[in-house]
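Peer 1: I have a structure I would like to understand better, so I am pasting it below and will then ask my questions one at a time.
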Amino acid sequence: MDAILVRGGGPLHGTIPIAGAKNACLTLMPATLLSEEPLTLTNAPRLSDIRTMTQLLQSLGAEITTLQEGRVISMSCHGAINTRAEYDIVRKMRASNLVLGPLLAREGYAEVSLPGGCAIGARPMDIHTDGLQKMGVSIELRDGYLYAKATGGRLQGAVIDFPFASVGATENIMMAATLAKGTTVINNAAREPEIVDLADCLRRMGAQIDGDGTSTITIQGVDRLGAATHPVVTDRIELGTYMLAPAICGGEVELLGGRIDLIGAFCEKLDAAGIDITETEKGLKVKRRNGRVRAVDVTTEPFPGFPTDLQAQMMALLCTAEGTSTLEEKIFENRFMHAPELIRMGAKVDVHGGKAIVTGVEKLKGAPVMATDLRASVSLILAGMAAEGETKVSRVYHLDRGYEHVVSKLSGVGANIERIKDE
Ligand code: UD1
């Protein structure tokens, strides 16, 4: 198994290209099930999660080819469809549940394994299934699988009120509703940029969708969807992660493709901490002002609030800030597993339920640490880049799920980082 070795170093300078969004690509890919004609995605990220989704869609009958070293994913679902998403693939990645809505829309029937436990919390699917039931689907749970069947073979439009603005449930219902009979309204829908990206792609395929990016999305069902080519939106989480590199190490780095509108609440917190962000022609330039970073309080919220997927990385920054910061996690119940690892590096962090109190220290110290999930793993790399001495981050397979070429992107701006074989 590989590990990442990081040695703390000085200021960073240069540019980092930001890839297409993992989370957008993972919901755009299942949209291919909605059409018999090809769907091509450009600006796709090259990640193990994308390979898992490829494998899942192929098991359902999709033909998938990749071009330009994985940057372009060309998919076609013109033949017969297998309606069973097997546990062996689904268990690897929760986003596999995004095939449920499209399978029901196309075939009126689906058998999808429940994803099972996940390191950052229970993550149930009740919001997805309650919404689908409103659309005339009967759902039964047997042997760990959801058996879902649309009454009369076709989904019916419905008004659906979400109790919480779930990203995945919004995506599943939105895809399901594109081919339903009549109009579907989702109230309290998620507003994330990945939802808008999915709506853009579905519209290119011929879907009638309004209101994406707001809390009420209206979908007028159509009889069929056609072919489309769609560029995947920029990955705002990769963007935020790399914005933290010069914030932590000093220097000035330009993030190519970066946009403030994707990540406004995060930028406000960086500004309050003492980081300058400027928009350039090619993206965003990030520079730490003189002196130590200042403590800030952060609460994670659905978009446009501070993203939970940047909480661990933000904690790495605040570990060396002047003063005491509070990080409150409101989306997942168990998302502070990076805290004990950061403490091993000399950080002062107290976790009480959904809150972490971080008292900044002047310098972290390198240590062997363990990645526990995707975002936690990159937070440990960021912490190691600012620490005295050497940090070895083990279990980097988590990292490969969501960050492409992390070593070359960070060493390209002057970080001392390498990938090694770990015994
Ligand atoms: C997506 C992102 C993930 C991000 C999360 C929140 C993808 C592939 N993943 O995950 O990176 O951290 O949004 O921004 O896009 N919930 C329920 N019942 C449900 C669905 C969700 O209780 O039926 C709860 C979850 O347990 C969790 C919260 O709602 O506590 C947020 O989940 P959701 O917005 O659905 O996140 P995902 O779509 O799984």
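Peer 1: In debye, nearest 20: dipole of the range 102-226 around its Cα centre with unit charges on the Cβ of K, R (+) and D, E (-)? Walk me through the numbers on the way to the answer.
Peer 2: Values: 11 positive and 15 negative charges, 67 e Å.
Here the range 102-226 has a charge dipole of around 320 debye.
Peer 1: Now for a different question. Considering only C-alpha atoms, what is the centroid distance from the range 1-65 to the range 320-398, in Å?
Peer 2: Computed from Cα coordinates, the inter-centre distance equals 26 Å.
Peer 1: Something else about it: Could you pull out the pairs from Lys282/Lys392; Lys92/Lys149; Lys285/Lys421; Lys282/Lys330 whose alpha carbons sit more than 29 Å apart here?
Peer 2: Numbers: Lys282/Lys392 33 Å; Lys92/Lys149 25 Å; Lys285/Lys421 34 Å; Lys282/Lys330 33 Å.
Result: Lys282/Lys392; Lys285/Lys421; Lys282/Lys330 exceed 29 Å.
Peer 1: Now for a different question. Net charge near Ala207: determine it from the other residues with C-beta under 12 Å of the C-beta of Ala207, scoring Lys and Arg +1 and Asp and Glu -1. Write down the numbers at each step before the final one.
Peer 2: Working: positive: Arg203, Arg204, Arg224; negative: Asp200, Asp210, Asp212, Asp223.
Result for the local shell: -1.
Peer 1: Which chymotrypsin sites (Phe, Trp or Tyr not before Pro) from the range 315-419 combine a DSSP loop assignment with at most 12 other Cβ atoms within 10 Å?
Peer 2: Here no chymotrypsin sites (Phe, Trp or Tyr not before Pro) fit, given the DSSP loop and packing criteria.
Peer 1: Oh, and also: Rounded to the nearest 500, what is the 222 nm mean residue ellipticity of the chain from helices alone, with -39500 (n - 2.57) per DSSP H run of 4+ residues and division by all residues? Intermediate values should be presented prior to the final figure.
Peer 2: Values: 14 runs with 128 residues, N = 423.
One gets -8500 deg cm²/dmol as the mean residue ellipticity at 222 nm.
Peer 1: Next question. Cα centroid distance between the range 88-105 and the range 271-298, in Å?
Peer 2: 38
Peer 1: Work through the residues other than Asp297 whose Cβ is under 15 Å from its Cβ and net out their charges, Lys, Arg +1 and Asp, Glu -1.
Peer 2: Working: positive: Lys269, Arg294, Lys330, Lys355; negative: Glu268, Asp271, Glu301, Glu322, Glu328, Glu329, Asp350.
Cβ neighbours under 15 Å give a net charge of -3.
Peer 1: Are there any helices in the chain, counted as whole DSSP H runs, that stretch 18 Å or more along their axis by Cα and score at least -0.5 on average by Kyte-Doolittle, and if so which? Don't skip to the answer; put the middle values down first.
Peer 2: Working: long enough: 236-249 (20 Å, 0.90); 374-386 (19 Å, 1.61).
In the chain, the long hydrophobic H runs are 236-249, 374-386.
Peer 1: Springs between alpha-carbon atoms under 10 Å, Gaussian network over the chain: tell me which of Gly264, Gly79, Gly389 tops the mean-square fluctuations.
Peer 2: Between Gly264, Gly79, Gly389, it is Gly79 that shows the largest mean-square fluctuation.
Peer 1: Who wins for biggest fluctuation among Arg335, Arg71, Arg288 in a Gaussian network model of the chain, springs between alpha carbons below 10 Å?
Peer 2: Judging by the Gaussian network model, the answer is Arg71.
Peer 1: Given the peptides 409-417, 380-388, arrange them by the average over their residues of other C-beta atoms within 10 Å, most packed first. Display every interim value, and only then the final one.
Peer 2: Values: 409-417: 19.6, 380-388: 26.0.
The packing order, highest mean first, is 380-388, 409-417.
Peer 1: Same structure again: How much of Arg142 can a 1.4 Å solvent probe reach, expressed as accessible area in Å² and rounded to 10?
Peer 2: Surface open to solvent at Arg142 totals about 100 Å².
Peer 1: Give the residue from Ala339, Thr234, Met175 lying farthest towards the positive end of the charge dipole for the chain; charges sit on Cβ (+1 for Lys and Arg, -1 for Asp and Glu) and the dipole is referred to the Cα centre.
Peer 2: The listed residue farthest towards the positive side: Ala339.
Peer 1: Hey, got the dipole for the range 42-188? About the Cα centre, +1 on K and R Cβ, -1 on D and E Cβ, debye to the nearest 20? Walk me through the numbers before you get to the answer.
Peer 2: Details: 14 positive and 13 negative charges, 27 e Å.
Charge dipole, the range 42-188, about its Cα centre: 120 debye, nearest 20.
Peer 1: Still on this structure: GNM on the chain, C-alpha springs below 10 Å: top fluctuator among Asn97, Asn172, Asn82?
Peer 2: Asn82
Peer 1: Same structure again: Using per-residue counts of other Cβ atoms within 10 Å, averaged over each peptide, order 45-52, 196-203 from highest down. Walk me through the numbers before you get to the answer.
Peer 2: Numbers: 45-52: 19.9, 196-203: 21.5.
Per-residue mean Cβ counts within 10 Å order the peptides as 196-203, 45-52.
Peer 1: Among DSSP bridges having both ends in the chain, what percentage is antiparallel? Round to the nearest 5. The partial results should precede the final answer.
Peer 2: On the way: 59 of 85 bridges.
Just about 70 percent of them are antiparallel.
The values are calculated or read from the model by the stated rules, or taken from the named source; none is laboratory data. What you see is a predicted model, and the numbers here were worked out from it, not measured in a lab. Note that each Cβ is placed from the backbone with ideal geometry, even for glycine, and that neighbours are counted across all protein chains shown. We work out accessible area using only protein heavy atoms, side chains counted, and drop any ligands, DNA or RNA first. Shrake-Rupley method; radii C 1.70, N 1.55, O 1.52, S 1.80 Å.
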